Structures are given as structure tokens and as C-alpha cells.
Amino acid sequence: MFRRTEPTDCTITWEGRTLPARTGESLAAALLAAGITAFRETPVSGSPRGPLCLMGACFDCLVEVEGAQNMQACLVPVSPGLRVAMQRGARDFVEDAA
Amino acid sequence: MRQALVIGGGLHGLSTALHLARTPGWQVTLLERRHVGRHSSGVNAGGVRRLGRALPEIALSVVAAEMWHGIQALVGDDCGFRATGQVKVAESAADMARNEARVAEVRALGWRHEEVVDQAEVRRLLPAVSPHVVGAIVTRDDGSADPMRTVMAFRAAAERAGVTIREGIAVTGLARTAEGTIRVQTDQGDFEAERVANCAGAWAPDLAALAGETIPCGTKASMMIVTERLPAFVDPTVGATARALSFKQTASGTVVIGGGHQGRSDKAAETSTVLFGSLAHAARIAAEIFPCVAQARIVRSWTGTEARPPDDMPVIGESRTLPGLFHSFGFAGHGFQLSPAAGAAVAELMARGATNLPVAAFSQDRFAVPA
Amino acid sequence: MSVADEWTAGPTGSAPAAAQVDVLVLGAGPAGMAAANEARAHGMSVLLLDENAAPGGQVHRAVESRTPKDEQDRDGAKLAAAFRASGTDYRPGATLWAVEPATEGGGGKVFWSEGGAARSVATQRLILCAGATERPLPIPGWTLPGVMSVGAAQIALKTAGLVPEGQVWLAGQGPLLWLYAVQALERGGRLAGIIDLSPPGGLRRALPHLGRALKAPEYLWRGLQWQRRVRRAGVAVTVARALRAEGEGRLARIVVDGVAHPADLLLLHDGVVPNTQVTRAIPGCVHGWDPVQACWRPGLDLWGNTAVAGVMVAGDSAGIGGARAAVHAGRIAALEAARALGRITTDERDARAGPLRLLRDRQLAPRLFLDAMFPPLPPAAIADEVVLCRCEEVTAGRVRQAVALGCLGANQTKAFTRAGMGPCQGRICGPAVHGVIAAARGVAGGEVDPFRTRFPTKPLTLGELAALAGPL
């Protein structure tokens, strides 16, 4: 799907799996580079979705970042060790981690 | 056939047109300046509420509530109505005392729909409510409906009943003809009718002025918030005793928050502006009463413009300067629930000059300056 | 000292309520940076909000960290350097979510979120430089993971160095599609093929505008070069009419005029439209319909003033003109702001703006040709089962049903079907929903009222908003 042309310098975790990443790139880019296409399941029908626009407009790249839900992966910069999970359906009421 | 015109394609205009068109012998045309449901009707909170009504409004509200429970039969669609109850929470002992006095007052008049409940019951009804809530008034058969779906259902029913709906026509003048009918001048030619209804919402006082009648009335632009979809956590529509709040979760999971916080309306431009400095108070009250929504994202906010008489009660009655013209406006942020009954009442007033429905308290005569 | 220093002091870094700037610019793309630079040159205090981590906008995205490869990159780097040195209070990672226009005599107010906190500032002038967004290309299966826009792939290339590899298809039409193909190939990427969906007769329609377009011949020349380089690289170009994406849980294949091909990634493009998300939410801000490009544009005077006092628009969000035209438009708007705030006289403004106008007009010369060449794909052709509104999963068929029930405008359809009511507020589906309504009614797009957007135009939490009313 995509191939990196620049070296990675850190790792993040996606659903508990460790993925290589590059500090400062968007989380969405890091996931796509690792072959991840489905970022979330929609609250309406539960169908899988991935990013469409990568510019903050489509809200299809929503993920859970360090416990904070419905984050736009294309607008969150990668930092080493970031823990990311799929956004499943609507936000739930588990307290967002600070 | 006798001709009638309804001016204004909001819910009250549609309901009036529908009821009059179902009255044998009447042909009804509805004129709407923009499109049906353009302002408050299409965008209000959809509260179907008797709870907390001003005392003169209770009787009509009770009639309307019965009509809502039969709304499918009335308009051929359920309008998204769900009788999930209305709850007005008490946040302090003082609130509780106020609620008890209020319900006693309502019961003394013979109404039984309002009920005081304690902390355990309010927690059972609203498991997500903040622990500081100590009780509530509850109306169990109230609920909410989907405003735009309601507008479209009333529109479809009105059209099936024979109403001609003309959108994009603005009224510019009202005059009595030699034959005793009313000529309605518009930007697209004149219309003539024996009876005319003024259901023009925020612009209805201007229409009354065209008929030479001054009815004191301000404008309201109540602001609303809707959140992203959330898991189902609250069934009833929730208000607060001492603070401005209306809070409900829709069938799709979004939460609609209002309560009468006012934006800025520009009647001439037909626009209104959300003022976030004051809308912040709605967000704060909501998040204090339901702490679980503090992290929920706001997806939109908006305002709906409508008329607001000085006493916050509607104006329903025949014009004192242009007989044959009937006013129905000024619902001041609580007209959605009343619309089936108010429309029926106005249609009866138009068709036979009288109604058994309890609308006498809403005559504009209450504003008349004693001579 | 930047403007912010005066009012972001304090242990929490939160902005005090009485904050005030002369000019607030939205967007750090070519128009926004140029507007900020020009405004600073006239001594006005400028606050610039941008959602991204670094200046550049879409065209010059990550321009400070890339090695410049062509003149456009060099222009962008220069502009960004000047912007950094301009003394603008620049806020990356800041999302504007509301505008309260000025009341009689008073300044307007702008609200945004930054670092998880809501903030607001009073401003005399607002210059919106929100750029463009891609027009949606709704095809069956476009909601499958693995289907993205060409613009998205270009962002991945510029910001993260991701190049396409495997079964990657480009489909649709328009200059950006070819530009991306060239950029991807140059970086060592591989493409399975290009599906050209452009309506036939483009050149015939465009030809009458050729004379004017040749005032800036480099645009056409570049376009031809791109197509030639892609073909020379051996990428198959298939002219087709019907395209669908298929797969279980993610894209597995595309079907082109009935012929299936394996696919890992499908990149769609159907041109770009002005981003009017903010202007459409401002009450009284009039928009006009562009029938050729089937999109709304804010109604502006010669200087970029909208119908709402104090609110201006410059660059692609006023109408697609490209990065170079946007730079000039940004400066022209800032000159007008300087005049309005009494920093320069009307004569000074006119004298300075004259040459900028000539430069801008030259850059705009090829637009008519390009617009006629690539008219948007017809919305009537979208099948009933295709999802238009991705957020609320509303199909074209349901929108058509709503029209049949009497929802004649985009806003009624929205309230009735929920199309455009999700978090993206119709950013993605707006043009398609609008087009489907117009086609279903059999009227021109301009006859259907514009999709109103609502503040907050970007989501913020209830807690963030509540904090503006004091601590919880």
C-alpha cells in the first residue's frame, strides 16, 4: 500500500502491537505506513473505516490515543511510545486518561 | 368552498392549515416566505412537555399531550415521538421546596400529571445524574419528538388534506376588501381569502402591524448544542429547577442541550448568531448535572428565532383591527408541544368564530392599555 | 514581542478574556502567511491560527523540513521564513471553531481550541485563508478502508515520505491527480494504473479559453508534462465511466467498467472546491454559486471583504486560483485591513495593490480553461445505494427520497435525513449532497440553498466550552 522512504526513529503501539514510527509525523501516516487501514468502527453501523482526507476534514481517522477517544489521527503527531487503539463505535464513558 | 390563507410555514401554520383543511367547506392555501420549517419549528429541542407550564397554559398543554399520544393517527407518522418522560431535577433543598410548592399548586387546580420524586427515584430514572441532585418533578407520559420529522409529517398530512403550500412568497400587505374579505398582498401578486391566519413566528408582530394592530412582542433566539453520538445513558428529557437547562438524548445517541440561553437575532436579515460566551453556561450546567458528558464533543450549535411576548405566553385570537385575521404566535420557546392543539383551536376560531379548546387566556386583549 | 506575550502570561497559559488583536488570520498556507506578513509590515498586531504543526498549508506542507525541489518549493520556503520572522503571533495546532462577527461599532470575536483548552480573542479584522478541500467522488464502496483521496496520499508523501507501492490505483480527474502521480513516481513509488473518469469533450469545452490561458502558459505546459511523464513511466491510463470499490472489511479490488482488478489502495480525486466551512456558518455572509465548478464561493468585493463587516476571505477559500494567486490575494486583503484600521490611506492601499492585482490576474488566467476541461462529475450518475454522508451513513437514495417528500433545500434534507449532521458537518459530502438534491429537483445548483454549517465548525468538548463560563 505505502512504503516509507525515510527512516523511523521510535515505536508506538496499536491495539497492543508495536509499530515503527517517526517522531513528529502524523499518527495516521504511521499507521498507514504499517499497513493499518481500518482505524475505527462507525457508531452508526459498526462498519470499519480508515482515513479519507488526512487533512482534518473527514473525521474518518478517529482513534483512541492514550485513552482519549475520538482523536483525529491525522492531526495527532507521533511521540515515542504513544499508545493507540481503534475507536469502536461511539465514545464510551470510561474516564479519559489525563 | 370558503377560502382561507395561512401565513407562515412553521409547525403552527402547518397545524392550523391541516385542521382547517379537514373542516368541511374550507380550501386552504399556506404561504411561506422561505421554506417550511425554516426557523424555530425545524430546529427546536422537540420537547413534548407539560411539566412546568405556566398555569394558564396547562389546559391547552394537556389537550396537546393527548394529541401527541395519537400523533400517528393525526398526521400519519409518529414524528419520532417517544413518551420517555420529562424530569426537572432539584439541585438543593431550596429547589425541592420550590418543586413541592409548584406541584401542590398544580394539583390544587385539579391536574395530576406532575409528581414530586425523591433522590432514589430520580437516580432510578437518571442513573447518570450527578450525586448532588436530590429529587425532581416528573411527568411520566411526556417525552420528546423529532422536530424536522414532525414538520415534514404535518406538511405531508396538510397536503393530503388538500392544503396548497406555496414556498418562497413573502407577504407585503394586508387589507380589507369592499366585499369584506381580506386581500393579502405578496411579492408575487395578491391573494384573497375570507379568513387569514397569522402564524409568522418572530415576524408575526410585523404582520399584525400591517393590519394596523400593535401587539407588544420581542424576539427570542434560543441557543442549542448537539453532541456527537454517545452510548444510550438517559431516556427522559431533563431540565433543572433553578437553572436554565433542557437536556435530552436522541434516538441516534446525540445529546441536545438547550434551556433558553439567548443568542443574538437579526430579524431584518432573518439570521441569528450563537454567542458562545453565554452558550458556555448551558455547557457548564449540562456537565454539572451529567458529569459523564464533559468529554463529549459538541458537533453543532444553533439558534431558532421566534416571537416572545412580554409574559412569555402565546397570542391566540382574532385581530381587533382586521376581523377575519387570526393570530397564533409568540410561543416563546415552548410552542412545539402545543402545536397540534393550538392549530386545532385556531382552525375552529377561523371556521366558526369560537372554540371549546382552552385558548381564551391567550387573547392579545391582555396587553390592552386601559382607556 | 509577540501579541501573545501580553496575554498568555499566567501559570496556566490560558488567555485572559480581554485579549484583543488588530488582525486575526486563519490558515498558514500561502494566502494566510502572505496576509500576516503584509499586515505586520503595516504595524498591525496579528494572530494566526493554523491546525497543522508547521506553516505551509496544503501546497507548501512541511516546506520547512523538505529539500526544495522546484521553484514552488523555493517560493514556499521563502514565504515561510518571512512569516517566521514577521512578528506574527503564530499558533500551530490551533483549531478555530467559532466566529462572532462585529456588532455595530465593536470588534468581532474568534474562538479556538489549542492544547485542549478553548480560547477567545477580540479582533478588528478577520482574514480567512482556509484554502481548498477536495470535491468528494462518491462511488460504490468508497467508504471501505483502503480508499482515500489523492490529496491525502500527497500529504502522506510530503509529511511522512510515504510512497505508493503494490496495487495502488488513482481514479478520477483533475490536475492534482496527475501531479501526485508524478511526485509519487519521482520518489520511487509505484502505481498499478490510472482510471481517467473525466467527462468526454474536455478539450473542446476548454478550447475557447485557450487564448486567455496562454497568458500563463506554464500551467498548461506543466499539466501536459505531468501526463507525459506518467505515461512514459509505463503507468497504464484507462479511460472509464463506471468504477466501484469492493472488499470485505477493506478494499480488495476495483471494478472498472465491469472488469475487476486487485487493489490495495484506491486514491480518488475530482478536483478541489473552496473551503467555505467557516464563512457559511457566519450569519449574513452571502455566497454565490459557481455553475462551472459546481461550488459555492463567498461573495466578495475587490478587496476580499465579505458581506459581513470585518470578515475577509483570501486565497483558494474565495475561489480556486492556486498558491501563487493566493499569495497576492492575501497581501491585497491585508492592505485593505491596514486601510480599514487607519494604518495607510486609501491612496496608499490602491497604489500598493495595483501591481499585486496584475500579478494575481496573470496567475488566474488559466482557470477558465482548466475549469472547462475538468467539470465535476455529474451527481445524477451516483447510484441510489452509494453512501453520500460518510459520518451518518446516508445514501444518495435517501437524499432523493427526502427531496420527493418536499425537502427542497440542503438544510431541510439535512434535518430530515441527518446527511451532513455528523462531526464533519458536511465538509466531505456537502458538494455531493447539494448536487444530488439539485439533480433530483431538476434545477441548477444555485437554486438549492447552500448547506448551512454551524459553529463550532470543528468539534470541541462540552467541558472545554463550559470552561469559558468559569471553572467547573
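Things to note:
- Residues within region C:391-420 that are open to solvent by 10 Å² or more (accessible area, probe 1.4 Å) and under 24 Å from C:GLN293 (Cα atoms), tallied: 7
- Candidates B:ARG107, B:ARG82, B:ARG112, B:ARG98 - the one that is open to solvent by 60 Å² or more (accessible area, probe 1.4 Å) and more than 23 Å from B:ALA341 (Cβ to Cβ): B:ARG98
- Pairs, first modelled with pLDDT under 95 in region B:332-345, second in a loop (DSSP other than H, G, I, E, B) and open to solvent by 10 Å² or more (accessible area, probe 1.4 Å), C-beta under 6 Å, six or more apart: B:ALA332/B:ASP312; B:GLY333/B:GLY260
- Restricting attention to region B:31-43, the residues that are away from chain C (no Cβ under 12 Å) and in contact with a helix residue (DSSP H, G or I) (Cβ under 7 Å, 6 or more places away or on another chain) add up to 1.
- Filter pass, C:THR159 being in a loop (DSSP other than H, G, I, E, B) and among the β-branched types (Val, Ile, Thr): no
- In summary, helices (runs of 4 or more DSSP H) completely within region C:366-472 and bearing 2 or more residues that are of a type in the set (Ser, Thr, Tyr) occur at C:410-417.
- Residues (assigned to a loop (DSSP other than H, G, I, E, B), closer than 28 Å to B:PRO231 by Cβ and touching a Pro at 6+ places or on another chain (Cβ under 6 Å)) located in region A:1-49: A:THR37, A:ALA38
- Here region B:48-77 is the region considered, the condition is being more than 24 Å from B:VAL6 (Cβ to Cβ) and not in a helix (DSSP H, G or I), and the residue that is most open to solvent (accessible area, probe 1.4 Å) is B:ARG49.
- Scanning region A:49-68 for residues that are open to solvent by less than 10 Å² (accessible area, probe 1.4 Å) and either more than 8 Å from chain C (Cβ to nearest Cβ) or closer than 21 Å to B:GLN295 by Cβ (or both) returns A:GLY56, A:PHE59, A:ASP60, A:CYS61, A:VAL63.
- Positions within region C:111-124 being more than 10 Å from chain B (Cβ to nearest Cβ) and under 19 Å from B:ALA283 (Cα atoms), in sequence order: C:TRP112, C:SER113, C:GLU114, C:GLY116, C:ALA117, C:ARG119
- Identity of the residue in region B:22-47, open to solvent by 30 Å² or more (accessible area, probe 1.4 Å) and among the polar types (S, T, N, Q), that ends up farthest from the chain's Cα centre (by Cα): B:GLN27
- Considering only residues in region A:31-48 that are facing another protein chain (nearest Cβ under 7 Å) and touching a residue at least 12 places away in the same chain (Cβ under 8 Å), the one that is farthest from C:GLY426 (Cα to Cα) turns out to be A:ALA33.
- Exactly one residue among C:LEU179, C:LEU185 is within 26 Å of A:PRO20 (Cα to Cα), among the hydrophobic types (A, V, I, L, M, F, W, C) and either touching an Asp or Glu at 6+ places or on another chain (Cβ under 8 Å) or not in a loop (DSSP other than H, G, I, E, B) (or both), and that residue is C:LEU185.
- Residues of region A:13-48 classified as surrounded by 18 or more Cβ atoms within 10 Å (Cβ to Cβ) and either within 13 Å of the chain's Cα centre (by Cα) or within 28 Å of C:VAL394 (Cβ to Cβ) (or both), total: 21
- Number of positions in region B:133-151 that are outside any helix (DSSP H, G or I) and open to solvent by less than 70 Å² (accessible area, probe 1.4 Å): 12
- Of the residues making up region A:72-88, not a single one is farther than 27 Å from C:ALA132 by Cβ, outside any strand (DSSP E or B), open to solvent by 20 Å² or more (accessible area, probe 1.4 Å) and facing chain C (nearest Cβ under 7 Å).
- When A:PRO7 is tested against (1) within 7 Å of another protein chain (Cβ to nearest Cβ); (2) surrounded by fewer than 19 Cβ atoms within 10 Å (Cβ to Cβ), only condition (1) is not met.
- Filtered by the rule that a residue be away from chain A (no Cβ under 14 Å), closer than 23 Å to A:PRO43 by Cβ and touching a residue at least 24 places away in the same chain (Cβ under 8 Å), region C:387-409 gives C:ALA396, C:VAL399.
- When we screen C:ALA318, C:ALA325 for residues that are open to solvent by less than 40 Å² (accessible area, probe 1.4 Å), farther than 25 Å from C:THR457 by Cα and within 17 Å of the chain's Cα centre (by Cα), the only hit is C:ALA325.
- The set of residues from region C:91-113 being open to solvent by 30 Å² or more (accessible area, probe 1.4 Å) and of a type in the set (Asp, Glu) comprises just one member, C:GLU104.
- Test: A:LEU54 is assigned to a loop (DSSP other than H, G, I, E, B) and under 13 Å from the mean Cα position of the chain (by Cα): yes
- Annotation: of all residues in region B:215-236 being under 30 Å from B:ALA200 (Cα atoms) and open to solvent by 10 Å² or more (accessible area, probe 1.4 Å), the one that is nearest to the other protein chains (Cβ to nearest Cβ) is B:MET224.
- Verdict on C:LEU144 being open to solvent by 20 Å² or more (accessible area, probe 1.4 Å), in a loop (DSSP other than H, G, I, E, B) and at pLDDT 95 or above: yes
- Residues that are assigned to a helix (DSSP H, G or I), within 23 Å of B:GLU57 (Cβ to Cβ) and out of contact with any strand residue (DSSP E or B) (no Cβ under 7 Å at 6 or more places or on another chain), drawn from region B:103-127: B:ALA104, B:GLU105, B:VAL106, B:ARG107, B:ALA108
- Residue in region B:195-203 that is within 20 Å of B:PRO323 (Cα to Cα), assigned to a strand (DSSP E or B), among the aromatic types (Phe, Trp, Tyr) and open to solvent by 20 Å² or more (accessible area, probe 1.4 Å) present: no
The values are calculated or read from the model by the stated rules, or taken from the named source; none is laboratory data. Note that the coordinates shown come from a computational prediction; the quantities given were computed from them, not determined experimentally. Neighbour counts are summed over all protein chains in view; Cβ atoms, including those assigned to glycine, are modelled from backbone coordinates with ideal geometry. We work out accessible area using only protein heavy atoms, side chains counted, and drop any ligands, DNA or RNA first. Shrake-Rupley method; radii C 1.70, N 1.55, O 1.52, S 1.80 Å.
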